[in-house]
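Notes follow the structure.
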Amino acid sequence: MKEQRDSKPAGFNQPSPVRGLEDFPPFRDMQIKVLELDDEWSRIRILLPLNEKTRNPGGSMFGGSMASLADPVAALACGWRFQQYSVWTRNLSLDFQREGRTDLELRFEFDSLQHTAIAEELARHNRATPLFEYAYYLADGRLCARVQNRVAIRRKGYVAGSSGAL
């Protein structure tokens, strides 16, 4: 794991993005562990432990914990890459494939083709709303849940309704 020390996404006042993610207040109680975060935010792996804070009454991973962790990942990656824009999650969905009875690993990748497509759309329209697909995996490597996350990337100072739809 390589920690990035020079550039930080907006809102992270930590020595590194790894510490920023692990210490982010909504994640702190979940006791997440960043397993991998490369310098370009193109590959992110985060461990979501099954514990008393993340376990549902049935003994498996609480879907709300999974959604809470999955929510900002794509937006943070976009925020790091497109720092001159405001970025937020537009919508998020999880498709649960298997019960999460182990620690889970969130795996996110931001490939160069998608980066280029977003950059071109921003150059043309000063806005983009890309869809990212990533997933959670059980400790044995099997798919647990698919994540679809649509991110809104807008010019700074954007006000909804001032230039059309979100």
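The values are calculated or read from the model by the stated rules, or taken from the named source; none is laboratory data. A quick note: this is a predicted structure, and the numbers were derived from the prediction, not measured. Reconstructed Cβ throughout: ideal geometry from the backbone, glycine too, with neighbour counts over all protein chains shown.
For every residue, the table says whether it meets (1) within 13 Å of the chain's Cα centre (by Cα); (2) farther than 20 Å from Gly20 by Cβ; (3) of a type in the set (Gly, Ala, Ser).
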| site | (1), (2), (3) |
| --- | --- |
| Glu40 | no, no, no |
| Ile46 | yes, no, no |
| Asn91 | yes, yes, no |
| Phe96 | no, yes, no |
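Taking the condition of being in a strand (DSSP E or B) and either closer than 17 Å to Glu40 by Cβ or modelled with pLDDT under 95 (or both), how many residues in the stretch 81-99 meet it? Lay out the reasoning, then the answer.
Initially, the stretch 81-99 is screened for residues in a strand (DSSP E or B), giving 85-96.
With the extra rule that they be either closer than 17 Å to Glu40 by Cβ or modelled with pLDDT under 95 (or both), the set shrinks to 85, 87.
Looking only at that region, the number is 2.
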Over the stretch 93-141, the set of residues basic (Lys, Arg) and within 26 Å of Leu48 (Cβ to Cβ) is Arg98, Arg101, Arg107
Is the stretch 58-70 home to any residue that is over 18 Å from Glu109 (Cα atoms), in a strand (DSSP E or B) and touching a residue at least 12 places away in the same chain (Cβ under 8 Å)? yes
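Determine, yes or no, whether Leu50 is crowded, with 17+ Cβ neighbours inside 10 Å and touching a Ser or Thr at 6+ places or on another chain (Cβ under 9 Å).
So Leu50 passes the test.
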It is to be established whether one or more residues within the stretch 91-109 are surrounded by 14 or more Cβ atoms within 10 Å (Cβ to Cβ), farther than 20 Å from Gly141 by Cβ and in contact with a Ser or Thr (Cβ under 6 Å, 6 or more places away or on another chain). no
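When only residues in the stretch 134-166 that are among the polar types (S, T, N, Q) and at pLDDT 90 or above count, which is nearest to Trp88 (Cα to Cα)?
Let us first name the residues in the stretch 134-166 that are among the polar types (S, T, N, Q), namely 148-149, 162-163.
Of the ones still in play, those that are also at pLDDT 90 or above are 148-149.
Numbers: Gln148: 14, Asn149: 10 Å.
Across the stretch 134-166, the extreme among qualifying residues is Asn149.
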Search result, residues across the stretch 77-105 that are among the aromatic types (Phe, Trp, Tyr) and closer than 19 Å to Ala67 by Cα: Trp88, Phe96
Tell me whether the stretch 104-123 contains one or more residues that are over 18 Å from the mean Cα position of the chain (by Cα) and assigned to a strand (DSSP E or B). no
Residue list for the stretch 13-51, restricted to those being in a loop (DSSP other than H, G, I, E, B) and over 18 Å from Ala139 (Cβ atoms): Asn13, Gln14, Pro15, Ser16, Phe24, Asp29, Asp38, Asp39, Glu40, Trp41, Ser42
